[in-house]
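Peer 1: Encoded as C-alpha cells, here's the structure I'll be asking about.
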Amino acid sequence: MEEYRWSERRPIELAVNLYYKDQITEGCRTRDLGLGGMYIVYPDPDMKLNSKIEVVIQNPVDVKESRLIPGRVVHRHGDGIGIMFMDFTVKDLRLLQDIFHSAHRGLEEHHAAEVHQIS
C-alpha cells in the first residue's frame, strides 16, 4: 500500500474523544500520530471512508487545554481508522508539537531508567 502522508507518524498512544454524526465516543486510543493525522483504534463498522469527524485531544503539558481538530477518515482497518487532519490552526499545531516533545521526553526518561538498571 502506497503512503501519501506529508508528515511522519510516530507511535504515540493518547486518549482521544471522537465526534461523528453528532455523537461523541470517549476514551478512544491513538496508535500513532503525525502533524497530518493519526490512527485511532476504533472498530466502528458504520464509519465510512471520507467521513468527517472531529477529534478532541488533551494537551499533556497543560491538562487544562484541549483542542477539537477536524479531520476525515482516509483508511479503515479491522481495529480502527486513519484520520487526516483538515483545516487545523496554529494552536492545533502547537498542541501536536507539545505532544511530540512530551512523548520524546518520556522515551528519554524510560531509556535513562533502563541504562541505570543495567549499571
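Derivation of every value follows stated rules applied to the coordinates shown; laboratory data play no part. Treat the numbers as computed from the prediction; the structure is a model and nothing was measured. Cβ sites come from the backbone with ideal geometry, for glycine too, and all protein chains shown count toward neighbours.
Peer 1: For region 9-118, take N as its residue count and report Rg(C-alpha) divided by 2.2 N^0.38 Å.
Peer 2: So the Cα radius of gyration is 1.14 times the expected 2.2 N^0.38 Å.
Peer 1: P43: net charge of surrounding residues, Cβ under 12 Å, Lys/Arg +1, Asp/Glu -1, itself excluded?
Peer 2: Residues close to P43 contribute a combined charge of -1.
Peer 1: Here is a further query. Please give the Cα centre distance for region 6-29 versus region 33-53, rounded to the nearest Å.
Peer 2: Between the Cα centre of region 6-29 and that of region 33-53, the gap is 7 Å.
Peer 1: What list of ³J(HN,Hα) couplings, whole Hz, do you get for region 81-94 from phi and the Karplus terms 6.51, -1.76, 1.60, once you set θ to phi - 60° and write x for glycine and proline?
Peer 2: My calculation for region 81-94 gives 9, x, 10, 9, 5, 10, 6, 8, 9, 4, 5, 5, 4, 4 Hz in order.
Peer 1: Here's another thing I want to ask about it. Kirkwood hydrodynamic radius of region 18-70 from all distinct Cα pairs, in Å?
Peer 2: 12.2 Å
Peer 1: Now for a separate question. What is the extension gain from A15 to D79, computed as 0.36 nm multiplied by their sequence separation minus the C-alpha to C-alpha distance, in nm to one decimal?
Peer 2: 21.5 nm
Peer 1: Under the Karplus relation 6.51 cos²θ - 1.76 cosθ + 1.60, θ = phi - 60°, what is the ordered set of whole-Hz ³J(HN,Hα) values for region 16-21, x standing for Gly and Pro?
Peer 2: 9, 10, 10, 10, 8, 6
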